[in-house]
Amino acid sequence: GHLRGEFTESALRDLARKVAYENTTIVVYMGLNSLPSMSKELLANGMDPDTAACAVERGTMKDQRTVFGSLKDLSARVEAAELQSPTLILVGNVVTLCPAWQEEEAALASDAGRSREGEEEGRRNKEPVA
C-alpha cells in the first residue's frame, strides 16, 4: 500500500503486470494513497475497467465506511467520500459477493429504471399533438 522505501512506482508497475488477470482478487492493506497509481497500472496492464472494487475505511469498527465502485472509478468515489487511513482496497469479482454491493447495485438499477421512465415520459409529453 505505502509507496515508500523499496516499494516505488516502478515496483508498483511490475506488481500490476503480475496480478492484472481476470478472476483474480487483489487486496491492498493501507492502500489509500496508492489507489490512483494502482488503478492506473492495473488498467494499463489489461485489467477490465469494470472489475468490481471497494475501499473499506476503519474495517470492523463501528464507524466503518465502505465505498463501492469499479476499478475505473473507485479512486474518484473514494476521493469524493473523503475516506481516511486506515483503508483496505479490494479489487475483483469477490467484491460482488458482499450484500452491501448487491443492495447498492439494485438501488442503482432501480434509479436508472426510474430515470429512463422519466425521460420517456418527457419525450411523450413533448411530442406534437396531431
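Values computed for the structure shown
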quantity: Pair list, Cβ < 8 Å and 6+ apart or interchain, from the stretch 108-121 residues that are modelled with pLDDT under 60 to residues that are of a type outside the set (Lys, Arg) and open to solvent by 80 Å² or more (accessible area, probe 1.4 Å); calculated: none
quantity: Where SER39 falls short, out of the listed (1) assigned to a loop (DSSP other than H, G, I, E, B); (2) open to solvent by less than 20 Å² (accessible area, probe 1.4 Å); calculated: (1)
quantity: Boolean, GLY31 is open to solvent by less than 40 Å² (accessible area, probe 1.4 Å), modelled with pLDDT of 75 or more and part of a loop (DSSP other than H, G, I, E, B); calculated: yes
quantity: Where LEU83 falls short, out of the listed (1) outside any loop (DSSP other than H, G, I, E, B); (2) at pLDDT 95 or above; (3) not hydroxyl-bearing (Ser, Thr, Tyr); calculated: (1)
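This table checks each residue for (1) surrounded by 15 or more Cβ atoms within 10 Å (Cβ to Cβ); (2) among the charged types (D, E, K, R).
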residue: LEU15; (1), (2): yes, no
residue: THR25; (1), (2): no, no
residue: GLY46; (1), (2): no, no
residue: ALA53; (1), (2): yes, no
residue: ARG58; (1), (2): yes, yes
residue: ASP63; (1), (2): no, yes
residue: LYS72; (1), (2): yes, yes
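The values are calculated or read from the model by the stated rules, or taken from the named source; none is laboratory data. On a predicted model such as this, the values are computed, not experimentally measured, just so you know. Neighbour counts are summed over all protein chains in view; Cβ atoms, including those assigned to glycine, are modelled from backbone coordinates with ideal geometry. The area values use the complete protein model at the heavy-atom level, side chains included, leaving out ligands, DNA and RNA. Shrake-Rupley method; radii C 1.70, N 1.55, O 1.52, S 1.80 Å.
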